[in-house]
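Contents: one structure, followed by commentary.
The values are calculated or read from the model by the stated rules, or taken from the named source; none is laboratory data. Only a predicted model underlies this, so the values are computations on that prediction, with no experimental measurement involved. In this analysis, Cβ positions are derived from the backbone assuming ideal geometry, glycine residues included, and neighbour counts consider all displayed protein chains. Ligands, DNA and RNA are stripped out before the accessible areas are found, and what is left, the full protein with its side chains, is counted by its heavy atoms. Shrake-Rupley method; radii C 1.70, N 1.55, O 1.52, S 1.80 Å.
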Amino acid sequence: MSEINDLKKKLAMSSRMLFNAGLVDYSGHISARVPRSDHLVILPHPVSRAIVAADDMVVTDFDGKLIEGKYKAPSEVYMHARAYKARDDIQSVAHLHNHMVAVLSMVDQPFFPASSNPGAFFGPGPLPVYMDPALIHTIDQGDAVARSLGKGDAVMLRGHGSMVVGQAIEWVFAACVDLEEAASRFYKASLLGPVRVYNEDETRRVMAGRRKDSVVQKIWDHNAAKTKLAGLMEGIG
Ligand SMILES: [Zn+2]
């Protein structure tokens, strides 16, 4: 199987897994950089994230222009395209309308790492927030989101959701799962009182034990099994 076909299949799997985990619905997408090029592969605009297949994927350049595919690219492809343009280390990007992260983005309170399993894929310090609530439909808006992301792994989009980046599709998937669970715990804890947020040293020690290929693979395999059990892994291509 060629490298790009392998990426398309893995994106189709991860989309169905994100759907099964409740992290995307009719919207939201995950993409991957085409190695050694200025192109990316991403889910198409119109196909359900629950049934999207490898052959449905589209290729765009880093200006969001369609290069290959039978469908149009998602309208917010600029978020992905400009993140790859801004940072050579990013190999995969997800944009989620994840519920609890969107909720936390709506309050004037920083979202810090504060629980050890979920939450170790970002930090130290609070998650950055991109404050413009408009959808990301231009190159300039994509560049602005990339600036808010900085050198980090995720950025909250105020009243909207998040963008998560990483070194591989599996890493981004694991970070998406972690981020939403961390947000859910942070929200519940904040209802009870001031949250005991992790300081920089605590965050770094938690991250050292958590940000590993073996942990990422465990999160991926568990969610792949759950998605298969739900009957959503047929016909990936
Ligand atoms: Zn969006």
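Please tell me if residue 78 is within 15 Å of the ligand (Cβ to nearest atom), open to solvent by 20 Å² or more (accessible area, probe 1.4 Å) and outside any loop (DSSP other than H, G, I, E, B). Answer is yes for this residue.
If you check 145, 101, 155, 107 for being closer than 13 Å to residue 186 by Cβ, among the aliphatic types (A, V, I, L, M) and open to solvent by less than 40 Å² (accessible area, probe 1.4 Å), only one passes: 101.
Considering each residue of the stretch 81-98, count those that are open to solvent by 60 Å² or more (accessible area, probe 1.4 Å), touching a helix residue (DSSP H, G or I) at 6+ places or on another chain (Cβ under 6 Å) and within 16 Å of the ligand (Cβ to nearest atom), and give that number.
0
Beta carbons closer than 7 Å, at least 6 apart along the sequence or on distinct chains, pair a first residue in the stretch 129-141 that is within 11 Å of residue 156 (Cα to Cα) and touching a residue at least 24 places away in the same chain (Cβ under 8 Å) with a second that is within 12 Å of the ligand (Cβ to nearest atom) and basic (Lys, Arg) for 129/158; 130/158; 131/158; 133/158.
Residue selection: residue 35 fails the criterion of being in contact with a strand residue (DSSP E or B) (Cβ under 8 Å, 6 or more places away or on another chain) and not in a helix (DSSP H, G or I).
Only a single item in (1) open to solvent by 80 Å² or more (accessible area, probe 1.4 Å); (2) at pLDDT 95 or above; (3) more than 30 Å from residue 82 (Cβ to Cβ); (4) not polar (S, T, N, Q) is not met by residue 140, and it is number (3). I need a count of the residues in the stretch 1-60 that are within 16 Å of the ligand (Cβ to nearest atom) and either among the charged types (D, E, K, R) or crowded, with 22+ Cβ neighbours inside 10 Å (or both). Result for the stretch 1-60: 12.
Only a single criterion out of (1) open to solvent by 10 Å² or more (accessible area, probe 1.4 Å); (2) within 16 Å of the ligand (Cβ to nearest atom); (3) under 23 Å from residue 72 (Cα atoms) is not satisfied by residue 164, namely (1). So the check is Cβ under 7 Å with 6+ separation or different chains; which pairs have a first residue in the stretch 19-33 that's in contact (Cβ under 8 Å) with a residue 24 or more places away in the chain and within 13 Å of residue 43 (Cα to Cα) and a second one that's within 13 Å of the ligand (Cβ to nearest atom) and assigned to a helix (DSSP H, G or I)? Listed by first residue and then by second, the contacts come to 31/80.
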